[in-house]
Structure formats: C-alpha cells, structure tokens
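Before any comments, here is the structure.
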Amino acid sequence: MKYDTNQLEINKVQKSKIEEVNFDNLVFGEIFTDHMFECDYDNGQWQTPKIRPYGSIEMDPSAKVFHYGQAVFEGMKAYKDEDDQIWLFRPEENFKRINKSSARLAIPEFPKEFFFSGLEELLKLDKAWIKKGFGNSLYIRPFVIATEEGVSANPSTKYKFMIICSPAQAYYSGEVRVQFSEKYSRAANGGVGAAKAAGNYAAQFYPTNLAKEAGFQQIIWTDANTHEFLEEAGTMNIFFRIGDKLITAPTSDRILDGVTRKSVIDLAKDLNIEVEIRKVKVSEIVEAARNGELKEIFGSGTATVINPISGFGYKDEKFELPELEDSYGKSFKDQLMKIQYNQAEDRHGWRYLIK
Ligand SMILES: *Cc1c(COP(=O)(O)O)cnc(C)c1O
C-alpha cells in the first residue's frame, strides 16, 4: 500500500520551552523538545501521522504494552554543522532495524514514507534544540507500543508509533569497568536479543545492579549456553584489541546488529587494521590480559559512539587495562564524529542531510 506523506498533520506549540533549558548542564535523556511525532495503527493500517506539542498520552490500563511488553525502540542522533546544516548518520539502518525488531515482536511494520517525512519535519520544527559544537547532538528515540485494550495474551491490533527527541551533550561516562557474566544472560538462541525490544533492557537491570554492588558499571554478556563466549554489553557492541588486531563477536539472533559496530568495522578496514569477526572466548581475553597482549576493550553505540573500558572482572579476579597513546577506540571515535559533524569526507555515504 502507498502512504501519502502530504497527509502529515502539524500542530505547533504556542510558545517554545527552549528558554528554560540549560544546555550547558544536560543530563542524558531527561529533557525533551517542543514537539513529538505520533502515528496510530488501527483497522489494519497506519492512520494519519501527526506532529504535536510534546506531552502525555492517554492509554487504557489494560493496554497490552503494560502487560506483555510488546514494544520496540530505536536510538539515533542529529548533528548540526558549522553552517547550521542538520545531519543524520545512516538513518536508513535505524529504519530497517525498527521494522526488523517489530517483525520479531509481531508488530506491523511502519511505512518508510511516514518514518522519514515525520522525522524530517520534526527535526525542522525543533532545529533550535540541536546545538552546534563537537559533541552536542539531538538524541532521537523512535518507538512503537501496543495500545489495544484487554489483557488477553495476543498480539495487539492497535499500536502507537512515536518519535521523541532529547538534546544531548558529549557524554563522559567516567571510568567504565565491566564484569564478564558467569550466570545471568541477556539473550538466548531463538530469542529476541537481536531486536531492540523493551523487555531486553528491563531484564538486565537486576544483574547490572549486582555488578554495580561488586564495583562494575556494566556487564559484558556471555552466551547463555556455556558462558564461555563474550557477546556484547547491554546497549553497546564490544571490541577487543589483542596486539594490533581487533576482535568482535559476529551478530546473531542473540546480538544486536549495531550501526556503530558496522561503521567501526568499515573504518578499520579503511585503515588496514585487521578485524576478526568471530566468537571471542572469555579464556583468551583473560589470558591476553595476563600476558599483556590485551591492549584495549571498547564498546560501540549511538549514545557514546565509542566507550573505552578501563578494566574488567571475571570470577574473583580483576584486570586493569593500560592507558594507550595510540588507542584504536579514540581514533575511531574521532573519525566517526568528524563524519557525523560534516568535518571529514564521507567516503561511505553515511551522512544524511535534512533539507
Ligand atoms: C542499540 C544497541 C547497540 C548499539 O547499536 P547502535 O546502532 O550502534 O547504536 C548495541 N547493543 C544493544 C543491545 C543495543 O540495544
């Protein structure tokens, strides 16, 4: 079916609340822009999409999302360059992925025309919220929830697709030490690990709290069967550097196919850095840490781009990683950000201009 993008309804705020926001002191994901995008699914099709003032939505307490967690989301960012042009980074990938996540959760796919026209109009309306400067961005959160009333455990016949946006500053996570999981799992074969399904994140909170009590900020999840292979962190894919070689786990139905991960692999190839995409044994990383060959571990994801990891714990042992002069992670972060902010050549065609 063809969706007509001219039918987007726009209802603007009377007065922007931007004056009330201190852009020098933003906590990630706490403040939202003036407008939001909303589109309901009913009677077997997506209805007229709308942009309206950011605010509460009303739902029946029996709506299926509250009971069965039928919900998926995405995370992307918009950047402003020195000439006030607004850019997205590989948004096509996020669009494809939200529909892939939706398919796995029995949610109807969202039309591409609506996704892009809604996103672009929303960004144009709220462009004052995207601040210039390396590190400033607008975090974009598209999501879909099951809104049908009734607690029978069936897929909903009604959904709401929304996009909300939150201004973000460069994110310094401080020192991140991770624990290699020995007991808990985030995903299993045949499960929903490869989908950005809301419930995947709720399931990580409790084990992550335990890891925090033990002095770690995050968990690196291992395979559910044997806990012998390192897979990914809760919101980041993970890279290991042994000597001058990068190693990362292959994506699977347990591992999220990160856009940043893919981009890092491509950049590494451009730089002739050897990348092995294969299963990563916990024991080989522990051994490489012991004999000094493990140079760095970093996470990749839209929120932080690259997140260096300063140490890890496994069983009762803790390992610290060296501070590197020639860190791969730092170099990838710098290169990716330069592409995102239109300060470097875009050899792979990753930038997307909001016109
Ligand atoms: C979103 C996410 C990532 C990172 O994906 P990007 O597309 O790079 O932002 C990695 N792992 C999980 C579990 C995620 O939810």
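Tabulated data for the structure shown
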item	result
Condition met for SER102 (touching a Leu at 6+ places or on another chain (Cβ under 9 Å) and either in a strand (DSSP E or B) or modelled with pLDDT of 95 or more (or both))	no
Sole exception among (1) surrounded by 18 or more Cβ atoms within 10 Å (Cβ to Cβ); (2) out of contact with any Gly (no Cβ under 9 Å at 6 or more places or on another chain); (3) assigned to a loop (DSSP other than H, G, I, E, B) for ARG347, by number	(1)
Residues located in the range 258-307, provided they are among the hydroxyl-bearing types (Ser, Thr, Tyr) and away from the ligand (no atom under 12 Å from the Cβ)	SER283
Residue match in the range 55-74 (condition: within 16 Å of the ligand (Cβ to nearest atom), part of a loop (DSSP other than H, G, I, E, B) and surrounded by fewer than 20 Cβ atoms within 10 Å (Cβ to Cβ))	yes
Where a residue in the range 31-45 is part of a loop (DSSP other than H, G, I, E, B) and its partner, wherever it lies, is crowded, with 21+ Cβ neighbours inside 10 Å and not basic (Lys, Arg), with Cβ under 6 Å and at least six apart	THR33/ASP126; THR33/TRP129; THR33/CYS165; ASP34/ASP126
Selection from the range 308-337 of residues that are assigned to a helix (DSSP H, G or I) and within 16 Å of the ligand (Cβ to nearest atom)	GLY329, PHE332, LYS333, GLN335, LEU336, MET337
Residue satisfying condition, being surrounded by fewer than 18 Cβ atoms within 10 Å (Cβ to Cβ) and aliphatic (A, V, I, L, M), within set LEU271, LEU321, LEU336	LEU271
From the options GLY234, GLY258, residue that is under 16 Å from the mean Cα position of the chain (by Cα), at pLDDT 95 or above and crowded, with 19+ Cβ neighbours inside 10 Å	GLY258
Any hit, the range 254-262, residues being charged (D, E, K, R), part of a strand (DSSP E or B), in contact with a strand residue (DSSP E or B) (Cβ under 7 Å, 6 or more places away or on another chain) and touching a residue at least 24 places away in the same chain (Cβ under 8 Å)	no
Test set (1) surrounded by 17 or more Cβ atoms within 10 Å (Cβ to Cβ); (2) at pLDDT below 95 - TYR41 fails condition number	(2)
Residues being away from the ligand (no atom under 16 Å from the Cβ) and under 15 Å from the mean Cα position of the chain (by Cα) - total across the range 83-141	0
Residue check, SER283 surrounded by 15 or more Cβ atoms within 10 Å (Cβ to Cβ), among the small types (Gly, Ala, Ser) and either touching a residue at least 40 places away in the same chain (Cβ under 8 Å) or part of a helix (DSSP H, G or I) (or both)	no
In the range 235-253, residue nearest to the ligand (Cβ to nearest atom) [restricted to those that are outside any strand (DSSP E or B) and not hydrophobic (A, V, I, L, M, F, W, C)]	THR235
Verdict on ILE242 being over 20 Å from ILE219 (Cβ atoms), surrounded by 15 or more Cβ atoms within 10 Å (Cβ to Cβ) and over 22 Å from the mean Cα position of the chain (by Cα)	yes
Residues located in the range 212-230, provided they are touching a Gly at 6+ places or on another chain (Cβ under 8 Å) and either at positive phi or not in a loop (DSSP other than H, G, I, E, B) (or both)	GLY215, GLN218, ILE219, TRP221
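The values are calculated or read from the model by the stated rules, or taken from the named source; none is laboratory data. In this text the structure is predicted, and so the values were computed from the model without any measurement. Here Cβ is always computed from backbone atoms with ideal geometry, including for glycine, and neighbour counts include all displayed protein chains.
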